[in-house]
2 protein chains.
Amino acid sequence: MKLEKCLTEKNVNQNMLNISYAVRGPILQRALHIERELEKGVKKPFRRVVRANIGDCHALGQPPVTFIRQVLALAACPALAASPDVPDDVKLRVRELLDDCTKGSVGAYSPSAGLTLVRRRVAQFLAARDGVPASPDDVYLGAGASDLIKALLGLFVQHVDGKPPAVMIPIPQYPLFSGTLSELGLRQANYYLDEEHDWALQLQELERSWREASQESHVRALVVINPGNPTGQVLTRDNMQEIIKFAYEHQLFILADEVYQENIISKPFHSFKKVMHEMGAPYSSMELASFVTCSKGWAAECGLRAGFMEAVRLQEGVRAALEAARAVAQCPSVLGQCALDCVMKPPVAGEPSYPRFSQEKRATLRALGERARTAHREFNSIPGYSCNIIDGSMFAFPRVEIPERAQRAAADAGLQPDEFYCLRLLEETGVCVVPGSGFGQRAGSFHFRSTILHPADEFQHMMDSVRRFHASFTRQYS
Amino acid sequence: MKLEKCLTEKNVNQNMLNISYAVRGPILQRALHIERELEKGVKKPFRRVVRANIGDCHALGQPPVTFIRQVLALAACPALAASPDVPDDVKLRVRELLDDCTKGSVGAYSPSAGLTLVRRRVAQFLAARDGVPASPDDVYLGAGASDLIKALLGLFVQHVDGKPPAVMIPIPQYPLFSGTLSELGLRQANYYLDEEHDWALQLQELERSWREASQESHVRALVVINPGNPTGQVLTRDNMQEIIKFAYEHQLFILADEVYQENIISKPFHSFKKVMHEMGAPYSSMELASFVTCSKGWAAECGLRAGFMEAVRLQEGVRAALEAARAVAQCPSVLGQCALDCVMKPPVAGEPSYPRFSQEKRATLRALGERARTAHREFNSIPGYSCNIIDGSMFAFPRVEIPERAQRAAADAGLQPDEFYCLRLLEETGVCVVPGSGFGQRAGSFHFRSTILHPADEFQHMMDSVRRFHASFTRQYS
């Protein structure tokens with residue numbers, strides 16, 4: 001009797017076969033391989049790989065915020081509080097946090113939705129941000145925003161009136177959404193951002209997308225990423241009002257991915273919650289889920305896996321279902337929750353940690369602003385490139401002209417033209433960026449996403465590499 | 001126009017409405033309410049709530065292991081390494097871990113499956129445990145075992161030959177399984193453990209369960225919890241061989257929940273991987289997923305959310321699907337991974353941290369053993385109670401006689417008899433345990449699960465309370 005596998009590509013969850021997450025996809029795998037080759041001394045036309053594929057801030061040189069790290073260290077090991085290097089406000093913060101942990105240990109489970117103290121702090125942060133009341137009961141902590149977005153999208157997995165459910169997402173989008181929709185078996189209804197108008201979100205395009213998707217599915221939710229990822233645009237208040245009205249008319253649940261709200265460069269950020277509130281009835285009664293994370297902003301603690309969702313005006317039964325599912329997973333990392341607490345209530349003027357904190361935060365945000373302006377200028381100065389202004393986020397998403405002959409060469413290699421381009425860029429310069437096809441783009445247009453987080457020197461090295469590569473690539477294929 | 005909710009109990013994912021997780025269920029909610037009442041000075045027949053509902057070790061007084069906490073503190077804040085209180089082996093461990101983090105920050109993302117170093121350490125731990133080779137490539141780190149069990153079960157959500165998929169789970173079981181199967185829409189095929197024979201896993205019962213479930217579904221996987229939760233039995237090698245043969249014959253994927261493998265009291269633990277290996281072909285070629293966590297054992301760091309799965313001999317396409325889904329979630333908490341590293345490679349004799357570590361570990365395991373013996377003896381000494389021997393885990397699952405009249409009173413109150421019993425126990429004594437119906441039990445038999453982790457005094461107080469309560473309850477209803 002020959003042993004067959006119990007689980008095969010034929011009988012495994014077919015939704016899971018369809019998941020693609022370009023940010024950690026084949027280009028990154030190849031980059032990791034090249035890094036190992038370089039270590040072994042294999043000759044390459046470059047000396048190091050420049051990873052610009054993922055918004056992994058610390059990995060790109062952004063230093064951790066000292067206040068956060070001191071709080072984490074003492075929360076883990078309170079005995080270290082004796083150290084004279086630890087400021088009093090750190091000690092106080094740790095005492096507050098440990099008072100809210102059962103028996104004062106970060107090793108005890110917290111409530112599933114998070115420590116009571118931290119949820120209260122989140123609500124205070126939200127109320128101060130928006131000038132709109134916020135309740136800790138609407139706040140759910142999670143292992144980063146991804147965890148919570150998946151949990152919320154899971155609620156929509158249900159045929160309605162015999163039709164399969166669909167979720168509207170922008171194109172280009174962050175592939176967490178396409179990947180999660182695939183995994184959950186939810187249909188993806190694309191609406192295209194308007195590249196010619198700084199990636200604006202156009203109402204008529206929302207309507208088109210909804211109309212087309214509604215023919216064969218029941219559109220249930222609308223995802224908006226603001227500030228945009230990978231596109232970096234920040235929505236105006238007027239535009240948000242249009243979007244909210246659109247969602248209201250079609251009874252769509254708005255999922256607002258607002259994780260880059262602290263990465264603001266040139267335009268003010270408004271939360272969907274605030275704009276809904278300002279619009280008054282009936283819009284101020286709409287359901288809404290908004291997502292924030294410690295992995296972005298000035299904290300950028302990706303590895304700690306902490307974030308929260310504010311989900312307002314959920315029906316009680318729906319809330320109960322969500323909470324039951326969260327309870328099964330026990331709780332998010334308690335140390336991650338402690339970091340979130342620091343982000344929600346950072347040191348203020350007069351506290352011992354403030355001067356250092358304020359200097360660290362300013363340096364990080366200043367570097368981000370500089371890099372955004374440099375990226376915009378430099379990409380636009382490369383013949384064949386165009387790049388919209390970067391209002392927020394930590395990415396550039398330039399458009400690249402790829403010659404016809406290169407497109408045919410890509411097809412011969414079984415690749416999308418932009419994949420082919422990015423792979424060649426990697427092989428010839430060591431620069432690792434993610435092809436636009438991983439985020440979605442209008443047919444016939446080609447892009448890539450690059451982080452703009454590297455230190456100035458490294459960033460300039462990357463820009464120079466891209467410029468040189470593009471000239472030689474264009475020569476080769478024209 | 002009246003605003004209706006987008007998400008209602010009618011159109012929400014119906015699987016999520018069915019999730020029940022008794023460990024954090026209504027009894028706990030009531031206990032939390034009572035705690036708040038006590039704080040406010042409301043009079044009760046007891047002075048404090050004794051939470052015995054969840055294996056939350058630190059919350060029940062088990063102290064954290066100093067070595068782990070020092071490593072975490074320094075990994076978060078390497079500047080503290082200057083402290084003279086930090087032993088050299090802690091500093092060395094932190095250096096090793098940070099060398100494996102991008103740019104030396106626990107705030108950078110790790111690879112989705114976990115840090116390379118930690119996966120290697122896990123493989124070394126497994127190889128040493130079993131005397132069987134283990135590969136880091138088969139090791140997936142996660143946010144506790146729950147996270148990974150859900151990820152693996154997700155692979156089975158697929159009709160096969162037109163039949164809905166089912167998964168066999170023990171009864172009584174840990175409700176992570178029933179809850180996750182509900183959420184994923186997988187059918188639950190129950191096999192009953194044999195209470196009369198120390199919760200043995202009987203082959204003929206496995207066959208019966210499989211046969212019955214196979215009539216209307218395709219049984220795809222077999223969950224075994226060893227050491228048992230809530231039952232505390234440890235499987236013998238002979239029994240495991242029978243189970244493996246059974247799974248082989250019916251082409252079932254074995255999910256081995258082995259999270260209590262370090263909580264061993266009176267019987268040796270064998271891993272499924274080792275027993276499969278010993279059995280040779282064809283059994284040594286079977287697929288298997290085994291789960292281990294930092295939340296249990298002597299570390300018991302529940303709040304850090306760290307654990308791993310070893311998944312062996314997966315088909316390549318299946319492995320790719322699993323890895324794609326994991327990539328979307330980015331990575332588990334890097335500080336959690338650091339804790340796992342300490343658990344996989346604790347201090348050894350000759351290292352500076354060893355004496356303290358060894359004393360801490362011994363004290364924890366000794367207390368567990370004492371409490372297991374006390375629980376067994378005391379429960380069996382209460383008229384109307386019987387309790388099997390506790391070989392491992394951190395729970396007792398005594399059987400309780402509930403008088404007919406009490407069963408009718410429960411029905412009148414719309415409760416299961418054991419829920420009624422546990423709720424009364426809570427209201428009259430402050431002792432919070434989980435009714436057996438939350439885990440499953442043979443019809444007409446009644447149990448509850450209690451942790452056995454409290455300090456000796458508190459544990460004795462709990463046992464005395466239960467004894468007094470049961471006598472008065474029985475008097476009242478007989």
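In table form, for the structure just shown:
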quantity	calculated
Span from the the range A:156-174 Cα centroid across to the the range B:181-245 one, whole angstrom	37 Å
Nm distances between copies for residue A:92, ranked from closest, using label points 7 Å along Cα→Cβ	4.1
Residue-averaged [θ]222 nm for chain A, counting only DSSP H segments that reach four residues, each worth -39500 (n - 2.57)	-14000 deg cm²/dmol
Value of D in µm² per second that Stokes-Einstein yields for the range A:109-344, Kirkwood Rh from Cα pairs, at 4 °C (1.567 mPa s)	72 µm²/s
Residue-by-residue Karplus 3J(HN,Hα) for the range B:249-263, coefficients 6.51, -1.76, 1.60, Hz, glycine and proline x	4, 9, 6, 9, 7, 8, 9, 9, 7, 10, 5, 9, 4, 8, 9
Hits among lysines - C-alpha to C-alpha of residue B:5 under 29 Å, sequence gap 8 or more where chains match	A:150, A:163, A:245, A:273, A:274
Convex hull volume of chain A per residue (C-alpha atoms, cubic angstrom)	199 Å³
Whole-Å distance, taken between Cα centres, linking the range B:1-78 and the range B:308-367	24 Å
Relative contact order, percent, the range A:109-344 [alpha-carbon distance under 8 Å, six or more residues apart]	27 percent
Pair-distance profile P(r), taking every C-alpha pair of the range B:260-343, with 5 angstrom steps and integer %	3, 12, 17, 18, 18, 18, 10, 4, 0
Length released on extending from residue B:445 to residue B:40, taking residue separation times 0.36 nm less the Cα-Cα span	142.0 nm
Alpha-carbon spread of the protein assembly as shown, three principal axes, descending order, Å	89, 66, 65
Size of the range B:1-130 as Cα extents on the principal axes (Å, biggest first)	59, 48, 41
Calculated diffusion of the range B:100-243, Stokes-Einstein form, Kirkwood radius summed over Cα pairs, 20 °C and 1.002 mPa s, µm²/s	123 µm²/s
Whole-number percent relative contact order across chain B, with pairs defined as alpha carbons under 8 Å at least 6 apart	22 percent
Loop-exposed GluC sites (Glu not before Pro) per DSSP, neighbour cap 16 Cβ within 10 angstrom, longest uninterrupted part of chain B	B:10-400
Trypsin sites (Lys or Arg not before Pro) restricted to the range B:5-42 and DSSP loop, no more than 15 other C-beta within 10 Å	B:10, B:40
Euclidean distance between Cα centres, the range B:405-459 to the range A:104-147, Å	32 Å
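Readers should treat all values here as calculations from the given coordinates under stated rules, not as data from a laboratory. It should be emphasised that the depicted structure is a prediction, and the values quoted were computed from it without experimental measurement. Virtual Cβ from ideal backbone geometry, glycine too; neighbours counted across all protein chains shown.
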